[in-house]
Structure formats: structure tokens, C-alpha cells
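Written below as C-alpha cells is the structure these notes are about.
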Amino acid sequence: MHIFFILLFCLGCRGEESVIQPEEKIIRTEGGLVTLSCKYTTSSSNPYLFWYIQRTNDIPRFILSRYRYGSGENGTEFHERFYSKLNFSASSVPLTIQNLQVSDSAVYYCALRTILLWNDVYGDCYGDKHKHSI
């Protein structure tokens with residue numbers, strides 16, 4: 001049995017746009033399941049949410065994106081075990097990882113990009129750091 005850790009960093013931003021993740025350490029066993037929390041606030045009616053993974057000594061890699069209007073997409077290596085659904089009314093986009101593997105031990109980032117449709121101004125939101133580990 002393998003035990004591994006996942007760190008989750010929240011990248012928040014200024015103003016009415018923010019991403020909120022609890023600072024916590026999560027420990028799970030190989031083959032299990034975990035759901036990582038990500039809540040957000042935005043004045044946009046069309047938020048774009050993203051999840052990234054950063055393994056040790058590597059750069060952040062795109063896991064998936066979710067949008068209010070449309071399904072979003074999953075990165076190439078994240079189709080089978082990584083799942084998320086944007087819940088607009090609850091302002092959340094939790095990431096669920098099934099059949100955990102040792103290679104899932106990493107830092108996870110949730111990010112928000114808002115698109116203000118009324119005047120075509122784009123706002124990218126990255127912010128306050130919070131640790132979340134598995």
C-alpha cells in the first residue's frame with residue numbers, strides 16, 4: 001500500500017474575483033478517491049475555471065477547464081480518472097481524482113478566468129496561496 005501527498009495551492013485575485021481553497025493536508029491510499037475543493041467569487045456571468053497539477057521538479061500542467069456555458073476540456077493525460085463539474089449556483093468547481101496513483105502526489109492549482117461580456121474586457125485571476133495536501 002502506498003501513501004502519498006497532494007498539495008493544493010489557491011491562486012486568488014483582487015477585487016470581486018477570487019478563488020478560495022481550504023488549506024489542508026489530505027492523505028489517501030493508492031486506489032482510493034479524493035475530491036479537492038475550489039470555491040470562487042466573481043461578478044462574471046460566464047466564469048472559466050481551470051485545474052493544474054505541479055509534480056515535484058516539474059512545471060504546472062493543465063488538467064482540465066470548466067465553463068458555465070459548455071463542457072470544457074480535459075488535458076491529454078487526464079481523461080479517465082480526473083473529473084470536475086462547474087456548479088455555478090454554488091460557485092464551486094471541485095476536482096475528483098479516482099483510482100489514486102502515487103504519481104498523483106503533487107501540488108494542485110485552481111484558477112479562475114473571468115470574461116466580462118458586456119465590454120469585452122478580460123480578467124485573469126490568480127491569487128493568494130493556500131496549501132492543500134494529499
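Below, the figures for the structure above:
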| quantity | calculated |
| --- | --- |
| Some residue of region 48-68 being assigned to a loop (DSSP other than H, G, I, E, B), at pLDDT below 90, within 26 Å of residue 16 (Cβ to Cβ) and touching a strand residue (DSSP E or B) at 6+ places or on another chain (Cβ under 9 Å) | yes |
| Positions within region 10-41 being at pLDDT below 85 and open to solvent by 60 Å² or more (accessible area, probe 1.4 Å), in sequence order | 14, 15, 16, 23, 24, 25 |
| Matching residues in region 24-51 - criterion: being under 24 Å from residue 77 (Cα atoms) and under 10 Å from the mean Cα position of the chain (by Cα) | 36, 37, 38, 49, 50, 51 |
| Which numbered condition residue 31 misses (of (1) assigned to a loop (DSSP other than H, G, I, E, B); (2) closer than 15 Å to residue 111 by Cα) | (2) |
| Residue 44 of a type outside the set (Val, Ile, Thr) and open to solvent by less than 60 Å² (accessible area, probe 1.4 Å) | yes |
| Scan of region 69-97 for residues that are assigned to a loop (DSSP other than H, G, I, E, B) and hydrophobic (A, V, I, L, M, F, W, C), ordered by number | 86, 88, 90, 93 |
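For (1) in contact (Cβ under 8 Å) with a residue 40 or more places away in the chain; (2) open to solvent by 30 Å² or more (accessible area, probe 1.4 Å); (3) over 14 Å from residue 95 (Cβ atoms), each residue gets a yes or a no:
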site	(1), (2), (3)
48	yes, yes, yes
61	no, yes, no
66	no, no, no
69	no, yes, yes
78	no, no, no
81	no, yes, no
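The values are calculated or read from the model by the stated rules, or taken from the named source; none is laboratory data. Since we're looking at a predicted model, the values are computed, not measured. Backbone-built Cβ (ideal geometry, glycine too); neighbour counts: all protein chains shown. Quick note on the areas: whole protein, heavy atoms, side chains included, nothing else; ligands and nucleic acids left out. Shrake-Rupley method; radii C 1.70, N 1.55, O 1.52, S 1.80 Å.
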